[in-house]
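The values are calculated or read from the model by the stated rules, or taken from the named source; none is laboratory data. From a predicted model like this one, the values you see are computed outputs, not experimental measurements. Every residue, glycine among them, receives a Cβ derived from its backbone with ideal geometry; neighbour counts consider all protein chains shown. These accessible areas exclude ligands, DNA and RNA; they are computed on the full protein's heavy atoms, side chains included. Shrake-Rupley method; radii C 1.70, N 1.55, O 1.52, S 1.80 Å.
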Amino acid sequence: MTAVAAIILGWNPQRWNGWTPSYEALTPGVSPQRTLAGSWTVGRRVNIPVGADAWLLMQGRQRGLVGHGVVTRAPYPGPHDRDPESTTNYVDVAWDGLLPVAERIVPQVLKTEASGVAWDYVFSSGTGVPTAAEAQVHQLWQRHALD
């Protein structure tokens, strides 16, 4: 299996909301000049290289694209957050852009402007972004998130 250059990391605040202090409090201070380090589960996925783009997709009732970062550590095993008897893989990420939830890029815009990604079928973290769609997602982020 080949390594991916970009992944989608899923976040459902109804299942996990462990941002510290809070997601909304963190968003204004995150930028390319002031990144926020963190780790994120990618399930069983292993072919994610350092330097891959990491796109944060909020799931649940307020679905939408809310963040961008860069993978700084390839997948490594750690305890599963909901089952301490199990392990799962994690990547470390340097977040360089987080949108307030109210400013998220909503599914209709995602499907229209970055149609190369099957946004409705991203259900787990670590889903690869098709190579042909990477430029679409970057352009979408530039247009909507960096205004």
With respect to Gly43, determine if the residue is open to solvent by 20 Å² or more (accessible area, probe 1.4 Å) and on the phi > 0 side of the Ramachandran plot. yes
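Yes/no per residue for (1) in contact (Cβ under 8 Å) with a residue 24 or more places away in the chain; (2) under 20 Å from Ser86 (Cα atoms); (3) touching a His at 6+ places or on another chain (Cβ under 7 Å):
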{"site": "Arg15", "(1), (2), (3)": "yes, yes, no"}
{"site": "Trp19", "(1), (2), (3)": "no, no, no"}
{"site": "Val30", "(1), (2), (3)": "yes, no, no"}
{"site": "Leu36", "(1), (2), (3)": "yes, no, no"}
{"site": "Arg44", "(1), (2), (3)": "yes, yes, no"}
{"site": "Val50", "(1), (2), (3)": "yes, no, no"}
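Please state which one of Tyr90, Tyr121, Tyr76 is at pLDDT below 95 and either of a type in the set (Ser, Thr, Tyr) or under 19 Å from Leu26 (Cβ atoms) (or both). Reasoning before the result, please.
Numbers: Tyr90 fails: at pLDDT below 95; Tyr76 fails: at pLDDT below 95.
Testing whether each residue is at pLDDT below 95 and either of a type in the set (Ser, Thr, Tyr) or under 19 Å from Leu26 (Cβ atoms) (or both) leaves just Tyr121.
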Please determine, by comparing only the residues of the stretch 103-141 that are without any contact (Cβ under 8 Å) to a residue 24 or more places away in the chain and assigned to a loop (DSSP other than H, G, I, E, B), which one is least open to solvent (accessible area, probe 1.4 Å). Gly116
Checked against (1) buried (at least 18 other Cβ atoms within 10 Å of the Cβ); (2) more than 24 Å from Gly38 (Cα to Cα); (3) among the acidic types (Asp, Glu), Asp92 satisfies every condition except (2)
